[in-house]
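The block underneath contains the structure these notes are about, expressed in structure tokens.
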2 protein chains.
Amino acid sequence: MSDLLSVAKLAGVSRATAARAFSSPDLVRPATREKIFNAAQQLSFRPNKVAQQLRSQATQMIGVMVPSLDNPVFAEQLQAMEVAARASSYSLLVTTSEYSPSREEEIVEEMLRQRVDGLVLTVADAGNSAVLEKLRLENTPCLLVYNPPGNSGYASIGVDNNAAGADATRHLLTLGHERIGMVAGPLLQSDRAQQRYEGYRHAMRDAGFKPRPVVEMNRHTQADLASLTPELNGPDFLTAVICTNDLLAISLMGELQRAGFSVPGDLSVMGFDGIALGKHLYPSLCTIEQPRAEIGRTAVQTLLAMIRGESCTPAPLPHALRQGESVGIPTFRKSMLGTS
Amino acid sequence: MSDLLSVAKLAGVSRATAARAFSSPDLVRPATREKIFNAAQQLSFRPNKVAQQLRSQATQMIGVMVPSLDNPVFAEQLQAMEVAARASSYSLLVTTSEYSPSREEEIVEEMLRQRVDGLVLTVADAGNSAVLEKLRLENTPCLLVYNPPGNSGYASIGVDNNAAGADATRHLLTLGHERIGMVAGPLLQSDRAQQRYEGYRHAMRDAGFKPRPVVEMNRHTQADLASLTPELNGPDFLTAVICTNDLLAISLMGELQRAGFSVPGDLSVMGFDGIALGKHLYPSLCTIEQPRAEIGRTAVQTLLAMIRGESCTPAPLPHALRQGESVGIPTFRKSMLGTS
DNA sequence: TTGTAAGCGTTATCAG
DNA sequence: CTGATAACGCTTACAA
């Protein structure tokens, strides 16, 4: 591949002049500029970013680590980040940690070696993270996404999970539900799920009801009905559940219906995240919508500001309740209304 | 950030020796090696990949371009690619084209400047693509994913879309459907959708039925019922449809049910892709499953082989019919069975 | 306006 | 086994 020097030679100028023709075209006389561009074309010259990066000590690359792209929340966030980054002529180096702390460390080390200008991470548990500890000693700007801020000393982009969990709960309470449960994936692997649970407990207590223990599933994205069945029977059976993410909620709805339960007739189901698909299902998924695209965009913009040396403390982004057909009035209420 | 030279100085050796301690440890005496490692630790030295890349003229980075990460097919493929790439110590530079040919060109140009070792692309239409034309003049290895091979002269990883479209159709025919339609997003933007349609036509004709024109939606991932309604009424109403991707199918099912139609009672719906979520819905989505993870993995491995200089012609990967509750026996058949 | 020359942090070749 | 030195392709003072 041809380089600047050969372009310069062919154009009959020095390497410096050729370089300037590209980086600051107005510093070079139009005539010579033309000669240089022509030469470049003939040689199909293409500037070498690696060399630029080495020389300028900046890569214009940002390192992104998410737990898994199999969950649309992260994919949708990444989609937005990519668009935002490209708009500022940054590139994205993308990795997935598969929720494993050891992978997290390898990945970050690798990205630091690559000299990314900054990092956008979603870690398992920001309050207790080896990677973040190590990163504290570095001076590469770093920003969290989805992880609750506060636990870690790092800036974070996301919603107030605690408040959002409470909002979800209150929505169900308002409809008349009292026996509300919470369904989560492996809890220890998700600080945000924990916060959502806190919000739930808070709202339940405020309303005078006893919060129940989390029903914990083995996987983050797939509910298994058996774990929930006990809560669906007996005198104290649930009339509604909140899942800590949409995939869990969707698969739970499927399992329930397949087993002959009606949603929301027998059980109201709420999700959390607001992935695009949820709107199109039937019944459509009632959920707390995180502004995934805005989160992605804001993450990029905030990180770029940090890279420029501006210090900034991002505020939580607003979540929203998305109504959906998967939630209804609890059964006992409906009959009361019918007979009153 | 400290560099090799400062490590060397602190260890009291030359830069070359320090370098060797890392790249070929057995070429340096254990004692000095230790000194060097200690010095590196003290200075928290971290090798600079950018410099290595410049020097070695290889980045160990592969450039990936997909249309959009909002569609789980691409996200799931990317997830697998990332794992496979990291296993071979390659990194992924990820971009989205948003189905826009002009973006496709910018992106590829950018990646070539970055000197990625190879490219994995999913383009709108491989048979008629400016990017691919341009790339033909370059010597950066390039591999397509999902795009049908043959049209472009580029190797491609994916299933045989034609055969898969025919298989889908035959599945419905076998169940007794005769009035089968096909629903697609903007056709011109997807060579694979076109091939799937070809397969459908072929299978219909083989069975002695007249293929119908595609019902084309405005968006790739969201069906709108109004466009389909005409086909659902009249004497010639459809009993089954095949959608060119799962998102389309899922949203169509939702719309139908919301409008009071039963799936599959009034209309059987098939998808195409096999995204993970489809299995968990109710009714679960009957679809043609593309082995997304295997596609991602194979793409990486094939590209790495090409980078190593091995020439290889990948074979199409096998697709599979995934049974699902969204497809049933056509109504007129059911009543015939009932009264016979 | 253009040229000269010194790096950016590695690695590889060739001597010692 | 170790050291000096020359690239890799570009940018940027500083000079002319």
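Computed over all pairs of different Cα atoms, the Kirkwood value for the hydrodynamic radius of the range A:4-55 is 10.8 Å. The relative contact order of chain A comes to 15 percent, based on Cα pairs under 8 Å that sit 6 or more residues apart. For chain B, find the longest principal axis of its Cα atoms and tell me its angle to the long axis of helix B:161-174, 0 to 90°, nearest 10. For helix B:161-174, the angle is close to 30 degrees. GNM on chain B, alpha-carbon springs under 10 angstrom: the most fluctuating residue among B:Ala223, B:Ala31, B:Ala249 is B:Ala31. At q = 0.08, 0.10, 0.16 Å⁻¹, what is the log10 ratio I(q)/I(0) for chain A, with the Debye formula run over Cα points and no solvent? At q = 0.08, 0.10, 0.16 Å⁻¹ the computed log10 ratios are -0.49, -0.67, -1.25. Considering only A:Ala207, A:Ala305, A:Ala19, the Gaussian network model of chain A with Cα springs below 10 Å gives its largest mean-square fluctuation to A:Ala19. Label-point spacing at A:Arg308 relative to the other copies reads 4.6 nm, in ascending order, each point sitting 7 Å out from Cα along Cα→Cβ. Close amide H pairs (under 5 Å, H built 1.01 Å from N) link A:Gln60 with A:Asp117, residues at least 5 positions away or on another chain. Across peptide B:72-81, the average count of Cβ atoms from other chains found within 10 Å of a residue's Cβ is 5. A helix-only calculation puts chain B at -13500 deg cm²/dmol for mean residue ellipticity at 222 nm, using -39500 (n - 2.57) for each DSSP H run of at least four residues, averaged over all residues. Restricting attention to the protein assembly as shown, close to 10% of DSSP beta bridges with both partner residues there are antiparallel. Is the range A:262-330 best put as rounded, prolate or oblate by its Cα gyration tensor, with a ≥ b ≥ c the root eigenvalues, rounded for a/c under 1.5, and otherwise prolate when a/b is larger than b/c, oblate when not? It is prolate, given that a/c is not under 1.5 and a/b is the larger ratio. Spherically averaged projected area of the convex hull of Cα atoms, the range A:161-285: 7.0 nm².
Percent of Cα pairs in the range A:93-204 per distance bin of 10 Å, from zero to the largest separation: 14, 40, 26, 14, 6, 1. Would the protein assembly as shown count as rounded, prolate or oblate if I go by the C-alpha gyration tensor, calling it rounded below 1.5 in a/c and otherwise prolate when a/b exceeds b/c, oblate otherwise? In terms of gyration-tensor shape, oblate. The lysine pair count for the protein assembly as shown, using Cα distances under 28 Å and pairs eight or more places apart or on different chains, is 18. Assuming charge only on the beta carbon of Lys and Arg (+1) and of Asp and Glu (-1), the dipole of the range B:41-175 about its Cα centre is about 620 debye to the nearest 20.
Write down the percent of antiparallel bridges among all DSSP beta bridges whose residues are both part of chain B, to the nearest 5.
Here the antiparallel bridges make up roughly 10 percent for chain B.
Of A:Gly265, A:Gly234, A:Gly127, the residue with the greatest mean-square motion in the GNM of chain A, using alpha carbon springs below 10 Å, is A:Gly234. Once you list every other residue whose beta carbon is under 11 Å from the beta carbon of B:Gly278, what net charge do they have if Lys and Arg are +1 and Asp and Glu are -1? Surrounding charge for B:Gly278 is -2.
Computed from the coordinates by the stated procedures, all read-outs in this text should not be read as laboratory data. Nothing here was measured: the structure is a model prediction, and the numbers come from that model. Heads up, the Cβs are rebuilt from the backbone with ideal geometry, glycines too, and the neighbour counts pull from every protein chain shown.
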